[in-house]
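One structure is given here, and the rest of the page talks about it.
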Amino acid sequence: MERYEPKTIEAKWQREWEREQAFVVPNPEPGDAPREHTYVLEMLPYPSGELHMGHVLNYTLGDVVAHLRRRRGFTVLRPIGYDAFGLPAENAAIKEGAHPRDVTNRNIAAIREQMKRMGWSIDWSRELSTAEPDYYHWTQWLFLKFFAENLAYRKEAPVNWCPNDQTVLANEQVIDGHCERCGAEVEVRNLEQWFFRITAYADRLLDDMELLESWPERVLTMQRNWIGRSEGAEVVFRIEELDVDIPVFTTRPDTLFGATFFVLAPEHPLVPRLAEGTPHEREVLEYVRHAAVRSSAQRVDPDEEKTGVCTGRFVTNPVNDHRLPVWVSDYVLMEYGTGAIMAVPAHDERDYAFAKRFELPIKTVVVPAEGEIEPDTVFVPHSENEKLVDSAQFSGLPSPEGKKAIVEWLESRAKGRPAVSYRLRDWLLSRQRYWGCPIPILYCDGCGLVPVPEEDLPVVLPEVDEYLPKGRSPLAAAEDWVKTTCPKCGGEARRETDTMDTFVDSSWYYLRYCDPQNDHAPFDRPMVDYWLPVNQYIGGIEHAILHLLYARFFTKVMYDLGIVGFREPFARLFNQGMLYYRGAKMSKSKGNVVSPDEMIERYGAEAVRLYVLFLGPAEQDKEWQDAGIEGMFRFLGRLWRLGLEVAERVDVSEEPGGELARKAHQTIAKVTDDIERRFQFNTPIAAVMELVNEIYGAKDDPEQAADVRFATETAVSLIHPYVPHIGEELWQRLGHEHLSAAPWPEADPAFLDRETFVLVVQVNGRVRGRVEVPAGLGEEELIARAKELPRVADHLDGKEVRKAIVVPGRLVNLVV
RNA sequence: GCCGAAGUGGCGGAACUGGUAGACGCGCUGGACUCAAAAUCCAGUGGGGCAUCGCCCCGUGCGGGUUCGAUUCCCGCCUUCGGCACCA
């Protein structure tokens, strides 16, 4: 018999699909009959190297969904592109001593080749690269829209500086004080930078989570944590001597009477003024200087003892006019709230530690509804069952009412108001690197900041000889490019030399796919409104915050601008788990990668496709096992031999109708439900394998020839989304055409209902026997059948049956 | 500390709304084919016991509970992983 040769079969069908343009989907034309359509999207790859197994898993998942949806009658948009700008590609280029464009294009070519070898059903006519001028033209266009809305702005700010990559990083790119990409410790620098005002959308990024159809709970939680919304109040404390008001943010206005001191962050702009002329002036300024050089990692180390200095000034507590000493300490962060806090050591761990260290008073003002608390300890209120004490007219109020009453009281005296604070910071988007999208802004001495006029876009990234990072943008070296004329006054102007964070590029690519050749706009609104929101988005969990938050933000801004008609880009999100090998996350730096190419060479693309999904639940982290893929290869060989053998037999005219046909229908129901409803990909493979095993047991029985043929065709049809090449080939040999376009099989309920079933008989909940009985018997009869079993009689031991539980079609449990 | 997910054979894992625990694959054992090997095919494979070809006991991280019946639900722990964290 002809051997299973994956290479031959895969090459044949890849050529065939290419020739037929099988997966190219045109946009609807006016007057077209409406079609059921769906948008299946996987996160686009960075072309900083070749594809790894994680990509293979990602795109194979999408491919199964896409094939299944097509066969269920949907028109499926499934495009691909490359997130081609950015640090990874540039660093790869530096390492090789080549130009980033050349390295990127070479990697794109290699990835495209790999994708084609995997046989993924992609609409190649929509392929895009974010580093091409016809794409970044529109990234720049969008930037200008944001700028016009005051959602892109420039300011000097303390920023995260990576000394290794020689560029600033967004907050989201700093992990534990280290650069997300290279791991170097991040420094703080004060620089003029471009920001997107994502904080203006904090509430909507939270509230619109309700519009999402199906996102993993963990991702939503991560985003909620990241946005970090807290409700509370802004309360104004006054320094009478200086005639200065200092607002603080607190989530616990009910503890206001317990404030015993007041703390400013070292970076607080009022600190020098407060210290001026006091005996503590030198000490305070010294402390501020010292705090500035401490790294953020040092400052937030919880094991470090609290430090601080007293300023000698006092603020007035607005609720009771008590005078509280003002301290400066780096446990207060300038970036959060107002950079100043009221300290309530009795009810806050950090304030308590500080009070203990500097022997400051501790005053309890909130106690549990029942019971007392020890004086001079810290009690953090956490439930609603607490009440206020020693709080003047508010004493005795339960905590939530106390909060409300105190804030109202403050508001009526213009000393406070309800307030909300966020952990989220604005998105810092400028990068002092070469390989990125140029920011389309000019600086004119006369006119100031001037946006590049739309008709002058794109601002094309200039060629430079020296693109290595040196602390300032390499574009500054392209003097001829930098020097330009101001479109407003015609005078001399200079171009912005920073480039954009690559996350800007990837924040809207899913829209460009809908209209990729458009040269008068990023896309036409009817096209994106037709396809979006993405019905199924698939990608790694590592993008839970960064990319997914940014893309949501972009969509909301575009919605407000009226250029899209939806508020959320991705209705359903699926995050696949990471792949491990030999106990560690697969990564090039650890040297424990399994090369897809090598595996394809040895076992064929389809064994690889099947195995990455068979490994385990797609959303969980999984360990790659070398021996595992051989099992998939063996299964494909088995299916192949079965298919050929069945194909060679003379056509059977009888209708399938036996046990095997029933099994086939059961498998249809299970596979469909697992993929569509449960988004589970490993169990369908197992179900088809089980079916194939059963066919093997029956295949030489001439009585069952019709069933064998039917079951074999069903198995081929069901496994096709996973292994479309062998699926097509066997389908053809079985005498049919175009499985990729064939309808997905339906499970016939007539087959699912059986004439008999195996009744499980339990005594006191323990299985004591099984008996085959006809379907449709009444309860009484089932109980009677159960009692007939000799083993059951033994266990009943003549005792009276007190109760019998009957689960129709399944079991009888006799209780004695 | 707060939030989230998860603990099942030698291994990866299955078991959908509480109803035959261990599907499917790997590995292992035995057999068939073969001069031999590879490939393939068949059988077995949670632990223990009685004994024999059938049955009994134990078994889903630990301790309780609800239930005729719990991997599944509830309470209390332990462990692992992930996110957030001097965020006022």
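Quick notes on this structure:
- The range A:784-816, subset modelled with pLDDT of 80 or more, among the charged types (D, E, K, R) and part of a loop (DSSP other than H, G, I, E, B), residue farthest from RNA strand B (Cβ to nearest atom): A:Arg802
- Residue list for the range A:359-385, filter: within 13 Å of RNA strand B (Cβ to nearest atom) and either charged (D, E, K, R) or open to solvent by 20 Å² or more (accessible area, probe 1.4 Å) (or both): A:Val378, A:Val380, A:His382, A:Ser383
- Any hit, the range A:552-573, residues being within 16 Å of RNA strand B (Cβ to nearest atom) and in contact (Cβ under 8 Å) with a residue 60 or more places away in the chain: yes
- Residue within the range A:620-628 that is assigned to a helix (DSSP H, G or I), more than 6 Å from RNA strand B (Cβ to nearest atom) and of a type in the set (D, E, K, R) present: yes
- So A:Glu90, is it free of Cβ contacts under 8 Å to residues at least 60 places away in the same chain and of a type in the set (Asp, Glu): no
- Complete set of residues in the range A:649-672 that are away from RNA strand B (no atom under 16 Å from the Cβ) and under 30 Å from A:Thr8 (Cβ atoms): A:Arg649, A:Val650, A:Asp651, A:Val652
- Tally of residues being under 14 Å from A:Ile805 (Cβ atoms) and either in contact with a Gly (Cβ under 8 Å, 6 or more places away or on another chain) or open to solvent by 70 Å² or more (accessible area, probe 1.4 Å) (or both) across the range A:761-785: 5
- Scanning the range A:469-503 for residues that are farther than 23 Å from A:Asn150 by Cβ, within 36 Å of the chain's Cα centre (by Cα) and open to solvent by less than 70 Å² (accessible area, probe 1.4 Å) gives A:Pro469, A:Gly471, A:Ser473, A:Pro474, A:Leu475, A:Ala476, A:Thr502.
- Check on A:Ala747, in contact with a Ser or Thr (Cβ under 9 Å, 6 or more places away or on another chain), surrounded by fewer than 19 Cβ atoms within 10 Å (Cβ to Cβ), assigned to a loop (DSSP other than H, G, I, E, B) and small (Gly, Ala, Ser): yes
- A count restricted to the range A:132-143 and to residues that are open to solvent by 20 Å² or more (accessible area, probe 1.4 Å) and under 12 Å from A:Ile439 (Cα atoms) stands at 2.
- Note on the range A:501-542: among residues that are acidic (Asp, Glu) and farther than 25 Å from A:Asn160 by Cβ, the one that is farthest from RNA strand B (Cβ to nearest atom) is A:Asp519.
- In the range A:44-88, the residues that are more than 21 Å from A:Asp505 (Cα to Cα), in contact with a strand residue (DSSP E or B) (Cβ under 7 Å, 6 or more places away or on another chain) and not hydroxyl-bearing (Ser, Thr, Tyr): A:Met53, A:Gly54, A:Leu57, A:Leu61, A:Gly62, A:Val65, A:Ala66, A:Arg69, A:Arg70, A:Phe74, A:Val76
- Within the range A:217-265, considering residues that are in a loop (DSSP other than H, G, I, E, B) and more than 10 Å from RNA strand B (Cβ to nearest atom), the one farthest from A:Ala419 (Cα to Cα): A:Glu241
- Which numbered condition A:Gly591 fails, given (1) under 30 Å from A:Gly616 (Cα atoms); (2) open to solvent by 20 Å² or more (accessible area, probe 1.4 Å); (3) assigned to a helix (DSSP H, G or I): (3)
- A:Gly616 being in a loop (DSSP other than H, G, I, E, B) and either closer than 17 Å to A:Tyr59 by Cβ or free of Cβ contacts under 8 Å to residues at least 12 places away in the same chain (or both): no
- Close pairs (7 angstrom Cβ cut-off, 6 or more residues apart or separate chains): touching a residue at least 24 places away in the same chain (Cβ under 8 Å) and open to solvent by 70 Å² or more (accessible area, probe 1.4 Å) in the range A:405-422, within 14 Å of RNA strand B (Cβ to nearest atom) and not aliphatic (A, V, I, L, M) anywhere: A:Arg417/A:Glu234
- Top-ranked residue of the range A:649-688 - restricted to ones that are among the hydrophobic types (A, V, I, L, M, F, W, C) and assigned to a loop (DSSP other than H, G, I, E, B), ranked as surrounded by the most Cβ atoms within 10 Å (Cβ to Cβ): A:Phe681
- Candidates A:Glu630, A:Glu623: the one that is touching a strand residue (DSSP E or B) at 6+ places or on another chain (Cβ under 6 Å) and open to solvent by 40 Å² or more (accessible area, probe 1.4 Å) is A:Glu623.
- Options A:Val244, A:Val219, A:Val159; residue that is more than 28 Å from A:Ile441 (Cβ to Cβ), open to solvent by less than 50 Å² (accessible area, probe 1.4 Å) and in contact (Cβ under 8 Å) with a residue 40 or more places away in the chain: A:Val219
- Of the residues A:Ile341, A:Ile406, the single one that is at pLDDT 90 or above, within 15 Å of RNA strand B (Cβ to nearest atom) and outside any helix (DSSP H, G or I) is A:Ile341.
- Looking across the range A:314-336, the residues that are open to solvent by 40 Å² or more (accessible area, probe 1.4 Å), of a type outside the set (Phe, Trp, Tyr) and modelled with pLDDT of 90 or more come down to A:Asp321, A:His322, A:Arg323.
- For the range A:29-60, filtering for residues that are open to solvent by less than 30 Å² (accessible area, probe 1.4 Å), farther than 30 Å from A:Gly436 by Cβ and out of contact with any helix residue (DSSP H, G or I) (no Cβ under 6 Å at 6 or more places or on another chain) leaves 0.
Quick grid of which residues meet (1) under 16 Å from A:Pro745 (Cβ atoms); (2) touching a strand residue (DSSP E or B) at 6+ places or on another chain (Cβ under 8 Å); (3) not hydrophobic (A, V, I, L, M, F, W, C):
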position	(1), (2), (3)
A:Glu645	no, no, yes
A:Lys663	yes, no, yes
A:Asn682	no, no, yes
A:Lys699	no, no, yes
A:Gln704	no, no, yes
A:Val708	no, no, no
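- Residue in the range A:546-555 that is assigned to a helix (DSSP H, G or I) and open to solvent by 40 Å² or more (accessible area, probe 1.4 Å) present: no
- Any pair with Cβ under 8 angstrom, 6 or more apart, that starts in the range A:39-64 at a residue that is within 18 Å of A:Arg126 (Cβ to Cβ) and in a helix (DSSP H, G or I) and ends at one that is at pLDDT 90 or above and among the aromatic types (Phe, Trp, Tyr): A:Tyr59/A:Trp120; A:Gly62/A:Trp120; A:Asp63/A:Trp120
- The condition (being of a type in the set (A, V, I, L, M, F, W, C), under 30 Å from A:Glu779 (Cβ atoms), within 11 Å of RNA strand B (Cβ to nearest atom) and in contact with a Leu (Cβ under 8 Å, 6 or more places away or on another chain)) is satisfied by just one residue among A:Val761, A:Val688, A:Val692: A:Val761.
The values are calculated or read from the model by the stated rules, or taken from the named source; none is laboratory data. Remember, it's a predicted structure, so these values are computed and weren't measured experimentally. Heads up, the Cβs are rebuilt from the backbone with ideal geometry, glycines too, and the neighbour counts pull from every protein chain shown. Side chains are part of the model used for accessible areas, which takes the heavy atoms of the whole protein and leaves out ligands, DNA and RNA. Shrake-Rupley method; radii C 1.70, N 1.55, O 1.52, S 1.80 Å.
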